[in-house]
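Here the structure comes first, spelled out in structure tokens, and everything after it is commentary.
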Amino acid sequence: MLAYDTFTLANGLKVIHHLDEKTPLAVVNILYNVGARDENESLTGIAHLFEHLMFGGSKNAESYDEPLQRASGENNAFTSNDITNYYVTLPAENLETALWLESDRMFQLNLTPKTLEVQQGVVKEEFKQRYLNQPYGDLWLYFRPLAYTTHPYRWATIGKELSHIENFTLVEADSFYKRFYNPSNAILVVAGNVSFKSCKELVTKWFGEIPEGEINKNTYPQEPLQTEPRRLEVDKEVPMTSISLGFHCGARSDDDFYSLDLLSDMLGASASSRLHQKLVKEQQLFADIAAYSTESLDRGLFIVSGRIFPGIDPKMAESAIWEELTAFKNEIPELREWQKVVNKKLTVLKYMELDVLNKAMNLALFTHLGDTNKINTEEAAFLATSPQSIHTLANQLFQESNCSTLVYKAKT
């Protein structure tokens, strides 16, 4: 069991503390309840751009990185369609440096024409290099609007197009900051070799006087039930044709998430999985193939995606995927196959408990999902699944009417 304590400041900041005396480190993790799904369709990629702006310095710290480096700290961040998460790892005795920096940029971020221009340039280059000029980089830019027609999951975190990033103004940046970056809309985790007393004193010192703000109510247009297959084929300068099938599935907080997670492991999470064994090793149709879920906080996608060898007919390869999915639907997995993927999952959970950063990030996520203690019930949740529950779920998901198919064709 992972022990933790919680308290909430008067301004609404939720704080989770986890003591780990086996490490000399401390982690400060802040999850902001904002992601790409909170953007306007005519101005996308802004949540990710703002992640970059948060490193542009604040009123009392012109540079975010320099004071942290002097304190022997490391930091990073990520933006998803659902959340934006910032984390710092540093020696426990230097914890206050991280709390000072995080509180200052939460309340007094430097938003200037210069910082906006610089970060717009950085994000535009990232868009070009990772999504437009890299093989398969824009695959999700096609796939999301194919699979989603209504929900804001229909655009990727990077945004729909470069012009949205270019047209983001300082006034809009300030409005975004005030709306989403406030203690009422954040979860702070302090984990590591820090006492609860010290944690509470320092968090109150640095965050207690920040005014409360608006809470993101997370209300989005819900995706209608898909009732017919969707398909898109695009020709690209890539070495191998890629085939991706997406099936609408449940949200990360749904009870059947654990069966869904094990379903992906059985089908395509490793070299011993069914799709790899059949389509890569035996039939030699695919160079690689994987199955996974997006683990979205609203209803997500279960993806089967692989690249076929040159000379293989894409229609034949796609049919081979469906043959394996149909075979799975027709027969309940054996108990030993279920036990194998469960054991692997439990091992991963145990290893994650050894890393203080992983613990901090998971404490923040489960708190955001509404139940911090779910971090301690995951093992039981996986053990509560069964071959039958996974088989039932597969039969619900793997319907042609629930499938969006993207054929990303190599030009011949």
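Sub-6 Å Cβ pairs linking a first residue in the stretch 258-284 that is assigned by TED's automatic domain parsing to the domain that holds K340 to a second residue that is aromatic (F, W, Y) and at pLDDT 95 or above, at least 6 apart or interchain, are Y258/F382; S264/Y292; L279/F286; V280/F286, ordered by first then second residue. Name the single residue that is surrounded by the fewest Cβ atoms within 10 Å (Cβ to Cβ) among those in the stretch 375-391 being without any contact (Cβ under 8 Å) to a residue 40 or more places away in the chain and not charged (D, E, K, R). Among them, the one singled out is A380.
Among the conditions (1) of a type in the set (S, T, N, Q); (2) buried (at least 21 other Cβ atoms within 10 Å of the Cβ); (3) more than 24 Å from the chain's Cα centre (by Cα), T115 misses just one, which is (2). Evaluated against (1) in contact with a Gly (Cβ under 9 Å, 6 or more places away or on another chain); (2) surrounded by fewer than 18 Cβ atoms within 10 Å (Cβ to Cβ); (3) closer than 26 Å to L132 by Cα, S253 falls short on exactly one condition, (3). Looking at the stretch 387-406, is at least one residue at pLDDT 95 or above, in the same structural domain as D255 (by TED's automatic domain parsing) and within 30 Å of L95 (Cα to Cα)? For the stretch 387-406, residues at pLDDT 95 or above, in the same structural domain as D255 (by TED's automatic domain parsing) and within 30 Å of L95 (Cα to Cα): absent. Applying the selection to the stretch 10-24, what residues are more than 26 Å from the chain's Cα centre (by Cα) and farther than 16 Å from K200 by Cβ? Listed by number, the residues that qualify are E21, K22, T23, P24.
The one condition from (1) free of Cβ contacts under 8 Å to residues at least 12 places away in the same chain; (2) more than 17 Å from Y258 (Cα to Cα); (3) exposed (fewer than 12 other Cβ atoms within 10 Å of the Cβ) that D355 does not meet is (3).
Against the list (1) of a type in the set (V, I, T); (2) more than 23 Å from N85 (Cβ to Cβ); (3) in contact (Cβ under 8 Å) with a residue 40 or more places away in the chain, the condition T372 fails is (2). Counting only residues that are under 26 Å from Y258 (Cα atoms) and in a helix (DSSP H, G or I), the stretch 276-294 holds 4 of them. Comparison of A360, A317, A327 shows that the only residue that is over 27 Å from D298 (Cα atoms), in contact with a Phe, Trp or Tyr (Cβ under 8 Å, 6 or more places away or on another chain) and modelled with pLDDT of 95 or more is A317. All of N76, N40, N33 fail the test of being in contact with a helix residue (DSSP H, G or I) (Cβ under 9 Å, 6 or more places away or on another chain) and free of Cβ contacts under 8 Å to residues at least 24 places away in the same chain, apart from N40. Out of all the residues in the stretch 1-18, which are in contact with a helix residue (DSSP H, G or I) (Cβ under 7 Å, 6 or more places away or on another chain) and surrounded by fewer than 19 Cβ atoms within 10 Å (Cβ to Cβ)? M1, L2, D5, T6, F7, N11, G12, listed by residue number.
The values are calculated or read from the model by the stated rules, or taken from the named source; none is laboratory data. Small disclaimer: the values here were computed from a predicted structure and weren't measured. Please note: Cβ atoms are built from the backbone with ideal geometry, for glycine as well, and neighbour counts cover all protein chains shown.
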